[in-house]
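The values are calculated or read from the model by the stated rules, or taken from the named source; none is laboratory data. Predicted, not measured: the structure shown is a model, and the values here were computed from it. Cβ coordinates were reconstructed from backbone atoms using ideal geometry, including for glycine residues, and neighbour counts include every protein chain displayed. Keep in mind that these areas ignore ligands, DNA and RNA; they rest on the heavy atoms of the full protein, side chains included. Shrake-Rupley method; radii C 1.70, N 1.55, O 1.52, S 1.80 Å.
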Amino acid sequence: MATSPVAQSPLGIPKSRVRQLTAASIGNVVEWYDWYAYSFLAPIFSVQIFAESSGNSLVPLLSSFAVFAVGFFMRPLGGLVVGAFADRYGRKAAMTFTIMLMGVGSLIVGLTPTYESVGLLAPVILTLARLIQGLSVGGEFAAATTFLVESAPHGRRGLYSSFQYVSTTIGQLLASGLAALLATLLIKADMDSFGWRIPFFVGALLSLVGLWIRRGADETSAVAGEIQSGKAERPKMFEFLKNYPRSAATIVGITIAGTVAYYTWTTFLPTYAQITVGFDVADSLQIGTISLVFFMILQPLLGMLSDRIGRRPMLITFGIGFVVLPVPMLGLLTDAYASLLVVQLIGMVFLGCFTSISAAVNAELFPTRVRAAGAGFPYSLTVAIFGGTAPLIGTALKDAGNPGLFPWYMSALALISTLVYLFVLRETKDKPLS
């Protein structure tokens with residue numbers, strides 16, 4: 001019996017739904033496994049790469065999160081350059097390039113020497129690796145999310161969009177799970193000396209697997225072939241901004257709250273609990289893993305819901321939730337196991353209303369000709385400014401003695417995005433991909 005095909009692609013090529021989803025997702029798993037391995041292991045390896053200053057134990061952690069933020073600032077460049085490449089030469093070629101970059105970056109992190117052995121060269125090497133990974137992740141979002149949404153049959157773009165964060169969460173689970181396993185199996189001295197490097201070597205190997213799987217993907221761009229053959233004019237680098245400024249600005253407004261909430265709840269919250277209420281490191285990693293599984297299961301369910309009720313109701317629910325909840329929820333954190341678990345799970349429900357559909361909303365705002373660059377650049381720029389700096393700001397506020405200001409910061413940004421959802425964003429659920 002023949003497999004169920006996707007509706008005929010713009011290129012006229014019958015495509016397997018499972019094959020397309022797997023091709024986009026496997027690369028995304030590898031990309032985000034590498035990206036988050038850094039964040040989860042930062043409290044461990046920071047003292048190996050950075051020197052303490054004036055006896056302050058938070059200085060290495062602050063330095064590692066500063067490098068984390070630096071990596072984010074390569075993401076807009078990746079979203080712009082790789083997005084333009086994807087619009088001109090196709091999504092498949094761009095996705096192959098990004099996963100190769102991530103593997104190289106992960107390998108460099110794993111091989112980074114300690115500060116004790118090479119001095120300042122150690123943080124320089126680590127920063128180089130993060131710049132490479134940042135470029136890759138920015139390009140990955142531009143290419144892979146566009147690929148996912150363009151692969152979807154009409155009326156299922158929300159569902160297909162949700163696999164962006166299903167695969168992202170699988171990558172996070174692999175990273176946090178391996179980090180937790182190593183922390184359990186290895187004594188602290190071994191984890192500090194070599195154990196933290198193992199996940200990055202694994203990431204480099206996984207990138208080869210993702211590269212192999214992506215080679216079997218089918219192209220989804222309806223115009224890339226015409227552009228390459230000269231039948232259609234090549235899109236200019238900033239054509240999306242010149243011709244669709246409202247769409248680009250809307251993506252910025254949509255993303256501000258979502259990116260801060262996402263990186264806080266899925267990445268920084270365990271560290272925040274450790275530095276504010278003295279939460280146990282192993283318990284926080286375990287809770288992070290449990291909440292990520294819950295978060296992953298929510299994504300396709302909420303994506304399908306958006307295909308029924310629309311994108312705006314989902315985003316408004318998310319926005320209001322994160323205007324109201326961060327201050328009381330983070331204020332309830334204690335060193336009790338149930339405290340962090342409940343706070344993370346509640347936040348994940350509201351956060352899922354954003355993450356499950358963000359790829360669909362962004363892609364639906366632009367035509368095929370400039371979709372990858374148009375969706376990738378403003379999104380990645382916003383993530384760099386607000387998402388990448390969230391752990392740094394949270395840690396710095398703690399260092400300044402004002403950790404209670406961080407949830408107020410989150411709520412203020414959520415208010416901005418909520419106003420965009422209410423008064424700027426138009427419903428795109430039934431809008432055909434032009």
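I want to verify the translational diffusion coefficient of the range 306-434 in µm²/s; compute it with Stokes-Einstein, Rh as the Kirkwood radius over Cα pairs, at 10 °C and 1.306 mPa s.
Rounded to a whole number, D works out at 97 µm²/s.
By Kyte-Doolittle mean hydropathy of at least 1.6 and Cα axial length of at least 15 Å, which whole DSSP H helices of the chain are selected?
58-72, 198-214, 337-355, 405-423
What's the percent breakdown of Cα-Cα distances in the range 74-169 across 5 Å bins, shortest bin first?
Distribution as computed: 3, 14, 19, 18, 16, 11, 8, 5, 3, 2, 1, 0 percent.
Using the heavy atoms of the protein chains and a 1.4 angstrom probe, tell me the accessible area per residue for the chain in square angstrom.
Using a 1.4 Å probe on heavy atoms only, each residue of the chain averages 37 Å².
Return the carbon/sulfur percentage of the accessible area of the chain, one whole number, probe 1.4 Å, all protein chains in place.
Here it works out to 70 percent.
For the range 230-239, take each phi angle, set θ = phi - 60°, evaluate the Karplus expression 6.51 cos²θ - 1.76 cosθ + 1.60, and give the result in whole Hz per residue in order, putting x for glycine and proline.
So the Karplus estimates, Gly and Pro as x, are x, 6, 10, 5, 5, x, 6, 4, 10, 4 Hz.
Looking at the range 187-240, which trypsin sites (Lys or Arg not before Pro) are in a loop (DSSP not H, G, I, E or B) and have at most 16 other Cβ atoms within 10 Å?
R215, K231, K236
What spacing in nm lies between the two simple spin-label points modelled at R234 and L422, each 7 Å away from Cα in the Cβ direction?
Once both label points are built, they end up 4.6 nm from each other.
Report the semi-axes of the equivalent ellipsoid for the chain in whole Å, largest first, where each axis is √(5λ) for an eigenvalue λ of the Cα gyration tensor.
34, 25, 20
What is the dipole size for the chain, taken about its Cα centre, with +1 at each Lys and Arg Cβ and -1 at each Asp and Glu Cβ, in debye to the nearest 20?
1500
Tell me which GluC sites (Glu not before Pro) from the range 149-243 have a DSSP coil assignment and no more than 12 other beta carbons within 10 Å of their own.
Qualifying residues, ordered by number: E233.
Give me the percent relative contact order of the range 60-178, please, defined on Cα pairs under 8 angstrom at least 6 residues apart. Could you put the intermediate results ahead of the total?
Working: 123 pairs, mean separation 41.7, N = 119.
After rounding, I find 35 percent.
Using a cut-off of 27 Å between alpha-carbon atoms, which lysines can reach K429, once sequence neighbours fewer than 8 places away in the same chain are excluded?
List returned: K15, K92, K242.
Treat the range 112-240 as a sphere of radius equal to its Kirkwood radius over Cα pairs and apply Stokes-Einstein at 4 °C in a medium of 1.567 mPa s; give the translational diffusion coefficient in µm²/s, rounded to a whole number.
Once the numbers are plugged in, D ends up at 70 µm²/s.
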